[in-house]
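The values are calculated or read from the model by the stated rules, or taken from the named source; none is laboratory data. The shown structure was predicted, so the numbers you read here are calculated from the model rather than taken from an experiment. Methodologically, a virtual Cβ is constructed for each residue, glycine included, from the backbone with ideal geometry; neighbour enumeration extends over all protein chains shown.
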Amino acid sequence: MNMDKRYLAFFAVLLAVVLMAGCTGTAPASSSASTQGMTPVSTAAPLSTQVTAAASTPSLVGVWTGTTTGHTQTEGFRQDNNAVYNITVQKGSAFTGYKEYVRVNGISYHENFSGVIARDGKVYLGDSVGGITIGDFVGPDEIEFKNVEDGADSKALLVDLTRKKI
């Protein structure tokens, strides 16, 4: 085979490889191929991004104050401005502290709690009385807690808190 025929054969093989490689790609999710039984590619963040996000857990240490709205079986409907959550120690995504509040009878109460911040950003608290609280960040220094307790003093409360600036 002379030199021209070898080049021609090489380019023919190269062209065939390139054309076959182009046929094995995935169509974008927005194309009409996604309506023809093809599964669109996931748009979830890559695992490396999720791990980085988990590593940047926000600090909750500080004094958080705000309002409580809801209903309890022993006190009825509530709406007051005396919720205080003191988050005293945090290690990674786990933290501890105590909450203070005044009940309708005028008596101040104090409850210890333990909490965690999940990878999805949700905040979970378990308190010493047996309540479960789930929170969402509303802003960098704002959290909305939903507190639910069952039993004789069952309750459902929304607690909107803002961290005090020191």
request  = Evaluate region 102-123: report whether one residue or more is of a type in the set (Lys, Arg), exposed (fewer than 14 other Cβ atoms within 10 Å of the Cβ) and outside any loop (DSSP other than H, G, I, E, B).
outcome  = no
Of all residues making up region 138-160, the number that are in contact with a strand residue (DSSP E or B) (Cβ under 6 Å, 6 or more places away or on another chain), assigned to a strand (DSSP E or B) and not aliphatic (A, V, I, L, M) = 8
task = Name the residue, out of Gly151, Gly97, that is under 20 Å from Thr57 (Cα atoms), free of Cβ contacts under 8 Å to residues at least 40 places away in the same chain and not polar (S, T, N, Q).
result = Gly97
key: Test: Asn86 is at pLDDT below 95 and not in a loop (DSSP other than H, G, I, E, B)   = no
ask   = Taking the condition polar (S, T, N, Q) and either in a loop (DSSP other than H, G, I, E, B) or surrounded by 15 or more Cβ atoms within 10 Å (Cβ to Cβ) (or both), does Thr96 pass?
value = yes
query = What do you reckon, is Val148 closer than 17 Å to Asn86 by Cα and in contact with a Leu (Cβ under 9 Å, 6 or more places away or on another chain)?
reply = no
